[in-house]
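Novice: Before we start, here is the structure in question, set down as structure tokens.
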Amino acid sequence: MLNEAARKIFDDYYGFDDGLIKSFEYDFFHADALRIKIDVYARNYELEGDVWRTVRIIIDDVSEVRSVFEAGAFNVICSRVKLLNFDGKWCVEVDGDFGGIPISLEAIRNYSTCYVVGERVEVLEVDG
């Protein structure tokens, strides 16, 4: 389950806006379970100064994932990383710009190039 500390990190980093995706890892830690680890490098807006850190987002018991990245390109986050809940499942959506379309799981499936749906989300500051 998502805890308040995870939501606070998303808020403190303003959805990792203007940050970089350092890695997107598929981890088959059990034969029947998938875990996704996303490392982002972003600024913590709640701290004085220009403090940038690596933050790891871990999604457990993944039931759905799409990750399309342009080879050789920097993966700059322009439209935030969103933490959403749909019917008890957690969704981490990366950089989707939905304009006037209401964000729903169906809209994410249709328009997002990077998202993960799972049972639990954990967020950790890796350095700093």
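Novice: Checking the a/c ratio against 1.5 first, then a/b against b/c, what shape does the Cα gyration tensor give for the stretch 1-48?
Specialist: Oblate shape, in that a/c is at least 1.5 and b/c is the bigger or equal ratio.
Novice: Next question, about the same structure. How would you order 32-38, 104-110 from highest to lowest mean count of nearby Cβ atoms within 10 Å?
Specialist: Ranking the peptides 32-38, 104-110 by packing returns 32-38, 104-110.
Novice: Stokes-Einstein D for the stretch 1-93 at 37 °C, 0.692 mPa s, Kirkwood Rh over Cα pairs, in µm²/s?
Specialist: 231
Novice: Of all accessible surface on the chain at a 1.4 Å probe, what whole percent is carbon and sulfur?
Specialist: C and S atoms contribute 49 percent here.
The values are calculated or read from the model by the stated rules, or taken from the named source; none is laboratory data. Nothing here was measured: the structure is a model prediction, and the numbers come from that model. When we count neighbours, we look across all protein chains shown, and the Cβ atoms used for this are built from the backbone with ideal geometry, even at glycine. Just the protein is used for accessible areas: all its heavy atoms, side chains included, with ligands, DNA and RNA removed. Shrake-Rupley method; radii C 1.70, N 1.55, O 1.52, S 1.80 Å.
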